[in-house]
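The next block holds one structure in the form of structure tokens; read it before the comments.
The values are calculated or read from the model by the stated rules, or taken from the named source; none is laboratory data. Treat the numbers as computed from the prediction; the structure is a model and nothing was measured. As a convention, Cβ positions derive from the backbone with ideal geometry for all residues, glycine included, and neighbour counts pool all protein chains shown. Calculation scope for accessible area: heavy atoms of the full protein, side chains included, ligands and nucleic acids excluded. Shrake-Rupley method; radii C 1.70, N 1.55, O 1.52, S 1.80 Å.
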Amino acid sequence: MSLAAPPERPARLRAGGALALLGILGVATALRFTALDWGLRHPVHLDERVYVENVVRMLEAGDLDHRFYTYPGLFYYLLAPFVALLGAPRWLTGDAYLVARGLVATAGVLDVLLAFWVGRRLLGTAAGLTAALLLAVSPLDVRTAHQVRPDVLLLGFGFVALWLFRGLGTLRGDLRAGLLVGLATAVKFTGLLLVPFYLAARLLAPGPRLKGLVAAGLVTS
């Protein structure tokens, strides 16, 4: 199948498939939100403190400096509004970690939906449901979704890339791909690992290759 010609939009999801998807999403939600407050009665792991404590410092200073440059800032900016809603007295309590974990867990459930969406459009409904089910019960993904870490959000960008990179061939497609890579990298620097896959897809697709590469590069940066 040509990279420049994604599969046609599949027919409307039948009742059986819809019920199966709802069941899978229910399982994903239960696994990711059950015991979300684990360990909050004790000192939280450093990996989580790096995010929540620096979000709090950012809120206290009233600026956008996330103060930990080993990671890019977008994940901090996504967490900040939800932590801010707690009010300053609760910013450094377990409630701030619970809210931040809730955001990550929600992203984990959306990843399962994305796995279905992409799988269905690439290979059909059965493949989409299988991909969603495998991700829903993945021990590694469930464990990560219980922590304040950006990896779960980054996975969602990877699923979208599977779809977008197959539709290259126009300048608009390159702009979308560049935006996707830029956003993924703004969540975590390992988002740059999408670049080789974009380059391979772009070189195999028709259309203005050099112009497309330049446009994507400008949007990414």
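A quick yes/no check of all residues on (1) open to solvent by 50 Å² or more (accessible area, probe 1.4 Å); (2) in a helix (DSSP H, G or I); (3) among the acidic types (Asp, Glu):
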| position | (1), (2), (3) |
| --- | --- |
| His146 | no, no, no |
| Leu154 | no, yes, no |
| Leu162 | yes, yes, no |
| Ala186 | no, yes, no |
| Leu193 | yes, yes, no |
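Criterion applied to Leu86, Leu123 was being under 23 Å from the mean Cα position of the chain (by Cα) and open to solvent by 10 Å² or more (accessible area, probe 1.4 Å), and the one residue passing it is Leu123.
Considering (1) within 17 Å of the chain's Cα centre (by Cα); (2) within 30 Å of Gly17 (Cβ to Cβ); (3) open to solvent by less than 50 Å² (accessible area, probe 1.4 Å); (4) not aliphatic (A, V, I, L, M), the lone condition that Thr106 does not fulfil carries the number (3). When both residues are 6+ apart or on different chains and their Cβ atoms are under 8 Å apart, which pairs have a first residue that lies in segment 26-53 and is on the phi < 0 side of the Ramachandran plot and among the aromatic types (Phe, Trp, Tyr), and a second that is open to solvent by less than 90 Å² (accessible area, probe 1.4 Å) and assigned to a helix (DSSP H, G or I)? As it stands, the answer is Phe33/Gly102; Phe33/Ala105; Tyr51/Phe75; Tyr51/Tyr76; Tyr51/Leu79; Tyr51/Ala100, since those pairs meet every condition given.
Given the structure, is His66 buried (at least 17 other Cβ atoms within 10 Å of the Cβ) and outside any helix (DSSP H, G or I)? Against the criterion (buried (at least 17 other Cβ atoms within 10 Å of the Cβ) and outside any helix (DSSP H, G or I)), His66 qualifies. Scanning segment 76-111 for residues being free of Cβ contacts under 8 Å to residues at least 12 places away in the same chain and touching a Pro at 6+ places or on another chain (Cβ under 9 Å) gives a total of 0.
Looking at (1) modelled with pLDDT under 95; (2) more than 30 Å from Ala15 (Cβ to Cβ); (3) among the polar types (S, T, N, Q), which is the one condition that is false for Asn54? Tallying (1) modelled with pLDDT under 95; (2) more than 30 Å from Ala15 (Cβ to Cβ); (3) among the polar types (S, T, N, Q), Asn54 fails exactly one: (1).
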